[in-house]
Amino acid sequence: MNFEEIIREVYLKNQPVEEKGQLPAYIPELRYVDPAKFGVCVSTLQKETYGIGDYQERFSIQSIAKVLSLSLAYSMLGGNIWNRVGVEPSGTSFNSLIQLELEHGIPRNPFINAGALVICDILLTHLTHPKEEFLDYVRSLSNNPDLTYSDRIAASEKQAGYRNVALCNLIKSFDNIMNDPVDVLDFYFNLCSLEMSCEELSRTFLYLANDGYTLHDDKQILTKSQTKRTNALMQTCGFYDESGEFAFKVGLPGKSGVGGGIVAIHPLQYSIAVWSPCLNEKGNSYKGMLFLEEFTTRSELSIF
């Protein structure tokens with residue numbers, strides 16, 4: 001498979017496409033990102049990496065980090081984690097309170113904001129220095145000691161995060177948050193502020209294409225069963241209420257973030273990351289979705 005040629009062809013076709021997305025308005029700092037940025041990188045299990053465009057420029061990965069926090073918590077708790085968070089698509093917006101109220105504080109899945117807050121609470125309970133230890137975990141996955149949080153983005157999210165505060169306190173009222181909500185929210189805002197490039201993201205997520213093992217040092221992050229289930233959650237829940245559309249058009253497990261990034265996995269083949277900051281009406285990268293649909297069509301490599 002000539003990934004380099006396919007990526008170049010699909011990138012050049014989509015680069016001049018009229019931008020119909022918008023920068024996210026509810027996180028102040030993300031309003032100032034250049035909307036013309038566009039990068040793609042694929043990393044394979046054969047240790048090959050191909051990138052084009054702004055693929056080496058770091059951006060705020062936002063909800064993509066929820067896959068990494070889930071992986072760490074899942075490796076600690078095993079199947080007991082599902083006593084506190086579900087595995088079903090939400091069918092509602094990523095920051096909805098209605099479903100949470102009706103279902104007594106058990107979030108539908110770990111990728112909506114409520115579910116990610118519960119995962120953060122779990123990590124706060126099990127880690128001595130949560131922010132530092134989680135960052136060390138991500139650096140180990142990526143084989144990159146330079147990755148870090150963005151204080152600027154975290155502060156911006158905290159400034160505008162009223163709905164997340166409401167979610168966390170609502171979950172607390174149902175006894176599904178064990179720590180102080182202030183601490184849970186601080187950890188959550190920092191987690192979402194992680195900055196990575198497409199190249200760094202595609203390499204970091206290779207463990208989910210490699211049966212749970214990192215490629216650079218063969219370290220087991222998740223069991224084969226846990227890897228399968230994490231990928232299944234990405235397939236069904238990774239794009240909020242556009243997850244079905246992504247499965248239909250792209251056919252890969254993946255996760256998006258409102259920073260305009262998308263990472264997708266082909267088990268036993270590759271990991272691919274795309275960044276284009278403007279979002280469609282569902283909160284996913286407009287050009288990123290277009291690119292990945294054509295990429296899997298041209299390569300004829302999806303899980304279906």
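Would you mention how many residues in the range 288-304 are outside any loop (DSSP other than H, G, I, E, B) and aliphatic (A, V, I, L, M)?
3
Please specify each residue of the range 170-180 satisfying the condition of being exposed (fewer than 15 other Cβ atoms within 10 Å of the Cβ) and either in contact (Cβ under 8 Å) with a residue 60 or more places away in the chain or in a helix (DSSP H, G or I) (or both). Scanning the range 170-180 gives S173, F174, D175. Residues in the range 126-136: is at least one surrounded by fewer than 21 Cβ atoms within 10 Å (Cβ to Cβ), modelled with pLDDT under 95 and under 20 Å from the mean Cα position of the chain (by Cα)? No, the range 126-136 contains no residue that is surrounded by fewer than 21 Cβ atoms within 10 Å (Cβ to Cβ), modelled with pLDDT under 95 and under 20 Å from the mean Cα position of the chain (by Cα). Right, R152: over 20 Å from G244 (Cβ atoms), surrounded by fewer than 18 Cβ atoms within 10 Å (Cβ to Cβ), out of contact with any Cys (no Cβ under 7 Å at 6 or more places or on another chain) and among the basic types (K, R) or not? Yes: the conditions hold for R152.
On the basis of being of a type in the set (A, V, I, L, M, F, W, C), out of contact with any Pro (no Cβ under 9 Å at 6 or more places or on another chain), over 26 Å from Q220 (Cβ atoms) and at pLDDT 95 or above, does F174 make the cut? So F174 passes the test.
The values are calculated or read from the model by the stated rules, or taken from the named source; none is laboratory data. These figures come from a predicted structure and were not determined experimentally. Cβ atoms come from the backbone with ideal geometry, glycine included; neighbour counts cover every protein chain shown.
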